[in-house]
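Before any comments, here is the structure.
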Amino acid sequence: MIHLRSDNELRVIRASGRITARVIQKLTKAAKAGISTAEIDYLAEELIRKENAIPAFKGYRGFPASVCTSVNEEIVHGIPGERKLRESDIISIDLGVNLEGYFSDAAVTLAVGRVGPGIKRLLKITRDALLAGIKQAQPDKHLSDISHAVQSLVERNGFSVVRDFVGHGIGSNLHEEPEIPNFGKPNLGPRLKKGMVLAIEPMVNMGSWELEVLDNGWTAVTKDRRPSAHFEHTVAVTENGPEILTLEG
Ligand code: MG
């Protein structure tokens, strides 16, 4: 079942989303060469708790941290640790916030210092793919219109979309129905309705779409060890079109 959120519920999810956006903004400033991913995680938890909210990832199915930090060939679910960021790395920071029982989820991929033109393009195309997906989040569109918009933009630009992980509904749980693949034909799946809240999150690989999960049971890396990027927003379907909830307000 896909929940349709009331205006009151949306108000809290929006407040949750603003916290997520503010924390990501601050982490973006902190993600410089020399900082460890554990330090980023520590900062994230401190910032979220200062907002009287709860880090939604911590303890989720046993995940040990408040953020996922995925560096270079890591796609998603990187576990923060002693690894220090180095010049020319890319890091994706993914975090979720639980405010009064309502959830938001967002991710960005950042360049640490200077990166080459290929990496810049990977980040730009992944961000563009997210925006193309979001644009489809309108009443009477089909769910797979989002998937199709993401995949076509990515593949048109010579990159590939990850198949093994998907976006998702969100609201009173971190992950709810429906699943939102980043690939597929248009005009399939349920029709979108006002009040649906969706976490749209393309994961884009520079090489092949195939992945492996490391022995820690969490971290997904590209099979060819080429870089991967990930951007995510929590979005409400409204009668006026998509509303991005994970923006600083
Ligand atoms: Mg998500």
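The values are calculated or read from the model by the stated rules, or taken from the named source; none is laboratory data. In this text, all values refer to a predicted model and were calculated from it rather than measured experimentally. Glycine gets a Cβ as well: all are built from the backbone with ideal geometry, and neighbour counts include every protein chain shown. Only protein heavy atoms, including side chains, enter the accessible area calculation; ligands, DNA and RNA are left aside. Shrake-Rupley method; radii C 1.70, N 1.55, O 1.52, S 1.80 Å.
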task = Scan the stretch 202-230 residue by residue and report those that are within 16 Å of the ligand (Cβ to nearest atom), touching a Leu at 6+ places or on another chain (Cβ under 6 Å) and open to solvent by 10 Å² or more (accessible area, probe 1.4 Å).
result = none
inquiry  = Tally up the residues in the stretch 135-165 that are open to solvent by less than 40 Å² (accessible area, probe 1.4 Å) and within 16 Å of the ligand (Cβ to nearest atom), please.
reply    = 7
key: Residue within the stretch 81-88 that is hydroxyl-bearing (Ser, Thr, Tyr), in contact with a strand residue (DSSP E or B) (Cβ under 9 Å, 6 or more places away or on another chain) and farther than 26 Å from Leu153 by Cβ present   = no
query = If you scan the stretch 114-146, which residues turn out to be in a helix (DSSP H, G or I) and among the β-branched types (Val, Ile, Thr)?
reply = Ile119, Ile125, Thr126, Ile134, Ile146
note = Selection over the stretch 81-127 where residues are open to solvent by less than 50 Å² (accessible area, probe 1.4 Å), of a type in the set (Ser, Thr, Tyr) and farther than 30 Å from Ser6 by Cβ yields a count of 3
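Answer with yes or no whether Thr126 is under 29 Å from Lys58 (Cα atoms), more than 14 Å from the ligand (Cβ to nearest atom) and touching a helix residue (DSSP H, G or I) at 6+ places or on another chain (Cβ under 9 Å).
yes
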remark   = Looking across the stretch 6-40 at residues that are open to solvent by less than 20 Å² (accessible area, probe 1.4 Å) and not aliphatic (A, V, I, L, M), the single one that is farthest from the chain's Cα centre (by Cα) is Ser36
query = Right, Gly78: within 16 Å of the ligand (Cβ to nearest atom) and touching a Phe, Trp or Tyr at 6+ places or on another chain (Cβ under 6 Å) or not?
reply = no
